[in-house]
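Enquirer: Let me begin by handing over the structure; questions about it come next.
Coordinate-derived values only; no laboratory data. No experiment lies behind these values; they were computed from the predicted model shown. When we count neighbours, we look across all protein chains shown, and the Cβ atoms used for this are built from the backbone with ideal geometry, even at glycine.
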Amino acid sequence: MKMKTILVTGASRGIGKEVALRFAAEGYHVFLNANRSIDTLEEVKKLIQSKYNTNCTLVPGDVSNPSDVHQMFHKISEVSRGLDVLVNNAGIAYMGLLTDMTDEEWDRIIQTNLSSVFYCCRSALPYMVSQKSGRIINISSMWGTVGASCEVAYSAAKSGIHGFTRALAKELAPSNIQVNALACGVIDTAMNDLLCEEDKIALAEEIPAGRFATPEEVAELVWQTANAPTYMTGQIIGIDGGFI
Ligand code: NAP
């Protein structure tokens, strides 16, 4: 049987790394992407190969840059005919008043969190459409649903992912390709290192579940979403401990 393939963007740490490990454990050929932390990405590859003895290929690049994404998919096509699963996970946060934000900062947040999803889907789709199957899972945020003060650009980008997901799901349902998004609450990763310990404790107290989620919990939901009945598409699935 043909080995299944997955591309995980932003796989050097946090949620992306755990998603890569989860699918590697099931025997997938994992394509690992990150932009700057290539040494860490190499370590994830070594970990996967030693633990699961499955194929793993690095496709470094900046997903906010369409020519980098083009090159990443060129590399994927040299190794495999295409992807069975695409997890658009790479993302960055920005905290601050909207009035203090520069044009460059705004563009960087929108390009990295939202345009990257367009670039990767556009490249992944020809193969998925030709084989009439595929799963796209976009890692989004509860702030895309309800908005966060001092995170307007990030909230707008994640809201954009929600609209993108719902619309693309309709476009691709006739081709038997499912497109869903996970609206994550607070997940215990380096992304929250901009908060001090005191703020982290206060934030955890606001969450009905009383804690941050682990990246492994999100990875498990990605796995289950990729294996859900094909009739489930266009959904924004919350994983937020009851926060919103
Ligand atoms: P993280 O630990 O900071 O990891 C982010 C990953 O994205 C890294 O591998 C990073 O690698 C990569 N990345 C960033 N910019 C990139 C670019 N331009 N091109 C390619 N890769 C890039 O963050 P995380 O918490 O795991 O977040 C993963 C996703 O979950 C993001 O979309 C985030 O918005 C979402 N999310 C997180 C939380 C949370 O509380 N942690 C909550 C809601 C949603 P490089 O540094 O090498 O580029």
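Enquirer: Could you work out the per residue convex hull volume over the alpha carbons of the chain, in cubic angstrom?
Expert: It comes to 124 Å³ per residue, whole-number rounded.
Enquirer: I've got another one for you. How big is D, in µm² s⁻¹, for the stretch 1-47 by Stokes-Einstein at 4 °C and 1.567 mPa s if Rh is the Kirkwood radius over C-alpha pairs?
Expert: Here the translational diffusion coefficient equals 123 µm²/s.
Enquirer: Now, a different point. Provide Rg over Rh for the stretch 128-227; use the alpha carbon set for both Rg and the Kirkwood Rh (inverse mean inverse pair distance).
Expert: Here the Rg-to-Rh quotient is 1.05.
Enquirer: OK, next. Most exposed first by the Cβ proxy, i.e. fewest other Cβ within 10 Å, how do Thr112, Thr189 rank?
Expert: Starting with the residue having the fewest Cβ neighbours, the order is Thr189, Thr112.
Enquirer: Given a 10 angstrom Cα cut-off, can you work out which residue in Ser130, Ser37, Ser64 is the most mobile in a GNM of the chain?
Expert: Ser130
Enquirer: When the chain is fully extended, how far beyond the present Cα-Cα distance does Asp107 get from Ala25, taking 0.36 nm per residue of separation?
Expert: Stretched out fully, the Asp107 to Ala25 stretch lengthens by 25.9 nm.
Enquirer: Continuing with this model, one more query. Please arrange Leu58, Leu195, Leu182 by how many other C-beta atoms lie within 10 Å of their C-beta, fewest to most.
Expert: The order, fewest Cβ neighbours first, is Leu195, Leu58, Leu182.
Enquirer: Still on this structure: Report the calculated FRET efficiency for Thr54 and Arg122 (r = Cβ-Cβ distance, R0 = 25 Å), to the nearest 0.05.
Expert: It comes to 0.40.
Enquirer: If one computes the Cα centroid of the stretch 164-224 and of the stretch 1-45, what distance in Å separates the two points?
Expert: Using only Cα atoms to place each centre, the spacing works out to 17 Å.
Enquirer: Take the Cα of Ala167, step 7 Å along the line toward its Cβ, and report every residue of the stretch 93-111 whose backbone nitrogen sits under 18 Å from that point.
Expert: The answer is 110-111, whose backbone nitrogens lie closer than 18 Å to the label point.
Enquirer: Another one. Hey, got a sec? Which GluC sites (Glu not before Pro) in the stretch 10-91 land in a DSSP loop and have at most 15 other Cβ atoms within 10 Å?
Expert: Glu26
Enquirer: Can you give the percent of C-alpha pairs in the stretch 4-82 whose distance is more than 19 Å?
Expert: 28 percent
Enquirer: Could you put His29, His74, His162 in order, starting from the residue whose Cβ has the fewest other Cβ atoms within 10 Å?
Expert: Ranking His29, His74, His162 by Cβ neighbours within 10 Å, fewest first, gives His74, His162, His29.
Enquirer: Still on this model: Which value at 222 nm does the chain reach when only helices count, each DSSP H run of 4 or more adding -39,500 (n - 2.57), with the total divided by all residues and rounded to the nearest 500 deg cm²/dmol?
Expert: Dividing the helical sum by the residues of the chain leaves -14000 deg cm²/dmol.
Enquirer: Considering the options Ala202, Thr5, Phe31, tell which one lies farthest towards the positive end of the dipole of the chain, charges being +1 on Lys and Arg and -1 on Asp and Glu at the Cβ, about the Cα centre.
Expert: Thr5
Enquirer: What value does the stretch 103-146 have for Rg/Rh, both radii from Cα atoms and Rh as Kirkwood defines it?
Expert: My calculation puts Rg/Rh at 1.10.
Enquirer: Shape verdict for the stretch 138-177, please, from the Cα gyration tensor: rounded (a/c under 1.5), prolate (a/b greater than b/c) or oblate.
Expert: The shape class here is prolate.
Enquirer: Kindly give Rg over Rh for the stretch 66-129, based on alpha-carbon atoms, with the Kirkwood expression for the hydrodynamic radius.
Expert: With Rh from the inverse mean 1/r over Cα pairs, Rg/Rh is 1.11.
Enquirer: Something else about it: Taking the chain as a Gaussian network, where each spring joins two C-alpha atoms under 10 Å apart, which residue of Leu41, Leu97, Leu221 fluctuates the most?
Expert: Leu97
Enquirer: Please give the direction-averaged projected area of the C-alpha convex hull for the stretch 161-212, in square nanometres with one decimal.
Expert: Averaging across all directions leaves 5.0 nm² for the Cα convex hull.
Enquirer: Considering the chain as a Gaussian network with a 10 Å cut-off on Cα pairs, which listed residue, Glu206, Glu171, Glu104, attains the greatest mean-square fluctuation?
Expert: Comparing Glu206, Glu171, Glu104 in a Gaussian network model of the chain, the most mobile one is Glu104.
Enquirer: Taking all pairs of different Cα atoms in the stretch 196-244, averaging 1/r and flipping that mean, what Kirkwood radius in angstroms comes out?
Expert: Result for the stretch 196-244, one decimal place: 12.6 Å.
Enquirer: Let me ask another. P(r) tail for the stretch 37-171, what percent of Cα pairs lie past 21 Å?
Expert: For the stretch 37-171, the share of Cα pairs beyond 21 Å comes to 49 percent.
Enquirer: When we measure straight from the Cα of Lys75, which lysines land under 21 angstrom away, once same-chain ones fewer than 8 places off are left out?
Expert: Lys2, Lys4, Lys17, Lys45, Lys46
Enquirer: Explain nothing, just the number: dipole magnitude of the chain about its Cα centre with +1 on each Lys and Arg Cβ and -1 on each Asp and Glu Cβ, in debye rounded to the nearest 20.
Expert: With Lys and Arg at +1 and Asp and Glu at -1, about 1380 debye.
Enquirer: Averaging sequence separations of C-alpha pairs under 8 Å and six or more residues apart, then dividing by the length of the chain, give the relative contact order as a whole percent.
Expert: Relative contact order of the chain: 19 percent.
Enquirer: Looking only at trypsin sites (Lys or Arg not before Pro) in DSSP loops with at most 13 other Cβ atoms within 10 Å, what is the longest site-free stretch of the chain?
Expert: Longest run free of exposed loop sites: 133-210.
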